[in-house]
Amino acid sequence: MLEGLFSIVTAIAEAIFAAGETLTFIDLSALLVVLLFEVMLWFILWLLELVLSLFKWRKPRLVKKPV
């Protein structure tokens with residue numbers, strides 16, 4: 001998921017600074033929508049884990065380190 005987010009951010013940066021391949025307005029807006037949905041999904045999952053750990057009085061689950 002991080003790799004996808006990184007590729008979206010680099011594509012947007014390339015479009016803004018006109019480095020490399022240029023994107024059309026539709027492509028750029030589609031990338032921004034995908035970026036917005038990914039950030040919202042991460043925030044919702046983080047908030048859900050926080051609420052569950054508060055109301056169930058348990059420790060939050062550990063996130064495994066990437067290999």
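The values are calculated or read from the model by the stated rules, or taken from the named source; none is laboratory data. Computed from a predicted structure; not experimentally measured. No Cβ is skipped: glycine too gets one built from the backbone with ideal geometry, and neighbour counts run over all protein chains shown.
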Report task. State whether one or more residues within the stretch 21-40 are surrounded by fewer than 11 Cβ atoms within 10 Å (Cβ to Cβ), modelled with pLDDT under 75 and on the phi > 0 side of the Ramachandran plot. Result -> no
Report task. Would you be able to say whether some residue in the stretch 58-66 is modelled with pLDDT under 80 and either assigned to a helix (DSSP H, G or I) or among the aliphatic types (A, V, I, L, M) (or both)? Result -> yes
Report summary line: Among the residues of the stretch 30-59, the number that are over 13 Å from Gly4 (Cβ atoms) and of a type in the set (Val, Ile, Thr) is 3
